[in-house]
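Trainee: Below is a structure I'd like to ask you about.
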Amino acid sequence: MCSISAAVKYEVPANIVLAVAEKEGGKPGQWVRNSNGTHDVGPMQFNTTYLRDLARYGITADDVAAAGCYSFDLAAWRLRMHIRNDKGDLWTKAANYHSRTPQYNAVYRADLMRKAVKWADWLEARFVTLDVTKAGAMPSIPTGPAPAVQAAQQATVAAPAAAPATRPAAAPSINVAGGYVPRSISFNTRSEGSPE
């Protein structure tokens, strides 16, 4: 749930944060040495190169390496900065989390896209989602039987007298040329300055 809450907090597509978390596969306290002399730290394998940027906020390597959701918040904040500020399509920007070097970015990007599709399907099956890129889109209704899903379904069902909502045709999971990411959720806008 850390990935999802961080995605909502920093307005990054949840399937991308989940895909990055899966790809990085780090553990609390873990330090992995890279061939360029940097280290990837903690659950989200945050590169030590970025610690200089975080130091101005009082964030240390120990904070990044710690157990809990904080490293996911930092990763989502960093993904948000890449998505908003970097050049290229959405997937290239998100893959900049790993590397801006084209050959490394391309490999990471391809796997990230596959994982993001899987996570988008997972999210749609379990949570009420809405394709915010389409005017008049209807919320998807999860198909899973979990109690949280049932509660979410009940919250989105219209009053008995109203016509039942119909589920829109499934959008393609990826339009590779356009970099489409389905089911984005947006809440309050946050300041881009601080990852806190």
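The values are calculated or read from the model by the stated rules, or taken from the named source; none is laboratory data. Predicted model only: the values in this text are computed from it and were never measured. We place every Cβ from the backbone using ideal geometry, glycine too, and count neighbours over all the protein chains shown. The area values use the complete protein model at the heavy-atom level, side chains included, leaving out ligands, DNA and RNA. Shrake-Rupley method; radii C 1.70, N 1.55, O 1.52, S 1.80 Å.
Trainee: Which number in (1) open to solvent by 40 Å² or more (accessible area, probe 1.4 Å); (2) part of a loop (DSSP other than H, G, I, E, B); (3) β-branched (Val, Ile, Thr) marks the one condition that Ile59 misses?
Mentor: Of the numbered conditions (1) open to solvent by 40 Å² or more (accessible area, probe 1.4 Å); (2) part of a loop (DSSP other than H, G, I, E, B); (3) β-branched (Val, Ile, Thr), the odd one out for Ile59 is (1).
Trainee: Here is a follow-up. I'd like the full set of residues that are open to solvent by 10 Å² or more (accessible area, probe 1.4 Å), assigned to a strand (DSSP E or B) and of a type outside the set (D, E, K, R), limited to segment 1-56.
Mentor: Of everything in segment 1-56, those that are open to solvent by 10 Å² or more (accessible area, probe 1.4 Å), assigned to a strand (DSSP E or B) and of a type outside the set (D, E, K, R) turn out to be Trp31, Val32, His39, Asn47.
One line per residue, one yes/no per condition, for (1) more than 16 Å from the chain's Cα centre (by Cα); (2) modelled with pLDDT under 95:
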{"position": "Arg84", "(1), (2)": "no, no"}
{"position": "Gly88", "(1), (2)": "yes, no"}
{"position": "Tyr97", "(1), (2)": "no, no"}
{"position": "Tyr104", "(1), (2)": "yes, no"}
{"position": "Val107", "(1), (2)": "yes, no"}
{"position": "Asp111", "(1), (2)": "no, no"}
{"position": "Ala116", "(1), (2)": "no, no"}
{"position": "Ala125", "(1), (2)": "yes, yes"}
{"position": "Asp131", "(1), (2)": "no, yes"}
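Trainee: Turning to a different aspect of this structure: State all residues of segment 76-102 that are of a type in the set (S, T, N, Q), crowded, with 16+ Cβ neighbours inside 10 Å and outside any loop (DSSP other than H, G, I, E, B); if no residue qualifies, say none.
Mentor: Of all residues in segment 76-102, those of a type in the set (S, T, N, Q) come to 85, 92, 96, 99, 101.
Still in the list and also crowded, with 16+ Cβ neighbours inside 10 Å: 92, 96, 99.
Across segment 76-102, the qualifying residue is only Thr92.
Trainee: Would you say Val64 is in contact (Cβ under 8 Å) with a residue 60 or more places away in the chain and within 21 Å of Ile4 (Cβ to Cβ)?
Mentor: The answer is no for Val64.
Trainee: Taking the criterion of being of a type outside the set (Asp, Glu), touching a helix residue (DSSP H, G or I) at 6+ places or on another chain (Cβ under 8 Å), at pLDDT below 95 and part of a loop (DSSP other than H, G, I, E, B), would at least one residue in segment 148-157 satisfy it?
Mentor: no
Trainee: Answer with yes or no whether Asp73 is under 28 Å from Lys118 (Cα atoms) and in a helix (DSSP H, G or I).
Mentor: yes
Trainee: Separate question: Would you pick out the residues in segment 103-124 that are closer than 20 Å to His39 by Cα and open to solvent by 40 Å² or more (accessible area, probe 1.4 Å)?
Mentor: Residues satisfying the conditions are Gln103, Tyr104, Val107.
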